[in-house]
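Remarks on the structure that follows.
All of the numbers you see were taken from the coordinates with simple rules; none came from a lab. Because the structure is a prediction, the values reported are computed rather than measured. For neighbour counting, all protein chains shown are included, and Cβ atoms are generated from backbone atoms with ideal geometry for every residue, glycine included.
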Amino acid sequence: RAELLAGVAGTRGLLCLLSDRIDREVLDAAGPGLKVISTLSVGFDHLALDEIKKRGIRVGYTPDVLTDATAELSVALLLSACRRLPEAAEQVKSGGWTTWKPLWMCGYGLSDSTVGIIGLGRIGQAVARRLKPFGVRKFLYTGSAPKPEIAAEFGAEFVPLTRLAEESDFVVVTCALTPATQGMCNKDFFGRMKKTSVFVNTSRGAVVNQEDLYHALAQGQIAAAGLDVTTPEPLPTDHPLLTLKNCVILPHIGSATYATRSTMAVLAANNLLAGLRGEPMPHELKL
């Protein structure tokens, strides 16, 4: 943080990461010459957009290019959680794998299931597209508004959040973090879910009340969870969620393929250069 505040002074352009909090303090340190911010991310909740807009600063970001990688990771995380893969791998290492037992390491499958997607945007659609061949019986989705043309591809039904929680065997969170979605997955939400259901979040950690999620998992209100995002990041190693066998946590690696990160870096650089030249950015956030 200290390096950022010192280094940004007098700059015209700033290339930042998701982990860099670009707030009034940083903007003041930069001074009035700052004209463009380019973030190496699709999310922008780390940017003080109201303050940035007031100062007439343009913002570039990197949507679309990480959709496929994040959707793949979402599916992998869902399968890891519902089929207990990390737990099973640990049994092999620890000597827990002995003779065959009928119900040992059993989990839950996708065939004939109902999948609820919170946020049917680019990543939500890509997740549904990948899950459909597993034999999912029904897709539900929720968001700020129905998307009938997009949902038609999956036969997905737009429902209230409460119904999605109650009817889904798998819940996948792929929405943006906004004031409306912050803390949305809370005690009431988890209390409505089935005891056999699996919860997956690859959007932003703050969409989830982690204390409520911990209690839901520890008390058997839901079967399992898979998280690629947490609050804070990195998650402290003594966090209660890390004590649970039925919670798989990854270190925010949704876009972590070599090809995707390379494409993101080039796009972020091109956004920055275009902004400095006063040209249209390849991907500019409309403020």
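Among bridges DSSP assigns within the chain, what percent are antiparallel (round to 5)?
Around 5 percent of the beta bridges assigned by DSSP in the chain are antiparallel ones.
Classify segment 39-79 as rounded, prolate or oblate, taking a ≥ b ≥ c as the square roots of the eigenvalues of its Cα gyration tensor: rounded when a/c is under 1.5, otherwise prolate if a/b is larger than b/c and oblate if not.
prolate
About the Cα centre, and with charges only on the beta carbon of Lys, Arg (+1) and Asp, Glu (-1), how big is the dipole of segment 66-249? Nearest 20 debye, please.
400 debye
When a footprinting reagent is the concern and you count Cβ atoms within 10 Å, what order do ARG1, ARG21 take, fewest first?
ARG1, ARG21
Could you tell me the relative contact order of segment 66-249? Use alpha-carbon pairs under 8 Å, at least six residues apart, and round to a whole percent.
RCO, segment 66-249: 22 percent.
Given 25 °C and 0.890 mPa s, how large is the Stokes-Einstein diffusion coefficient of segment 143-246 in µm²/s, with Rh as the Kirkwood radius over Cα pairs?
Translational D for this selection: 171 µm²/s.
Give me the net charge of THR243's neighbourhood, meaning all other residues with Cβ under 15 Å from the Cβ of THR243; Lys, Arg count +1, Asp, Glu -1.
-3
With equal scatterers on the alpha carbons only and no solvent term, can you work out the Debye log10 of I(q)/I(0) for the chain at 0.14 1/Å?
The computed values of log10 I(q)/I(0) come out as -1.04.
Given the options LEU213, ALA48, ALA71, identify the residue whose Cα lies farthest towards the positive end of the charge dipole of the chain (+1 on Cβ of Lys, Arg; -1 on Cβ of Asp, Glu).
ALA71
Can you give the alpha-carbon Rg of segment 1-146 over 2.2 N^0.38 Å, where N counts its residues?
Taking N as the residue count of segment 1-146, the ratio is 1.53.
Each residue of segment 24-39 in turn: what ³J(HN,Hα) in whole Hz from Karplus with 6.51, -1.76, 1.60 and θ = phi - 60°, glycine and Pro shown as x?
After applying 6.51 cos²θ - 1.76 cosθ + 1.60, I find 4, 4, 5, 5, 5, 5, 5, x, x, x, 5, 10, 8, 10, 10, 9 Hz.
Quick one: which of 233-244, 50-61 comes out on top by average Cβ neighbours within 10 Å, and what's the full order, highest first?
50-61, 233-244
Ordered by residue, what ³J(HN,Hα) values in Hz, to whole numbers, does segment 253-258 give under the Karplus form 6.51 cos²θ - 1.76 cosθ + 1.60, where θ = phi - 60° and Gly and Pro are x?
For segment 253-258, the Karplus-derived couplings read 10, x, 9, 7, 10, 4 Hz, x marking Gly and Pro.
Taking 31 Å as the cut-off for C-alpha to C-alpha distance, list the pairs among LYS93/LYS138; LYS101/LYS245; LYS187/LYS286 that go past it.
LYS93/LYS138; LYS187/LYS286
Could you tell me which residue out of THR178, VAL159, GLY96 lies farthest along the dipole of the chain toward its positive end? Charges go on the beta carbon: Lys and Arg +1, Asp and Glu -1, centred on the Cα centre.
The listed residue farthest towards the positive side: VAL159.
Scan around GLY226 for amide H atoms under 5 Å from its own, H built in the peptide plane at 1.01 Å from N, and keep only partners 5 or more places away or cross-chain.
PHE199, VAL200, ASN201, VAL248
Can you tell me the orientation of helix 67-82 relative to the chain, as the angle in degrees between its alpha-carbon axis and the longest Cα principal axis, to the nearest 10?
30 degrees
Based on DSSP H runs of at least 4 residues, each adding -39500 (n - 2.57), what is the mean residue ellipticity at 222 nm of the chain after dividing by all its residues, to the nearest 500 deg cm²/dmol?
After summing the helix terms and dividing by the residues of the chain, the value is -10000 deg cm²/dmol.
So, with +1 on the Cβ of K and R and -1 on the Cβ of D and E, and no other charges, what is the size of the charge dipole of segment 1-73 about its Cα centre, to the nearest 20 debye?
460 debye
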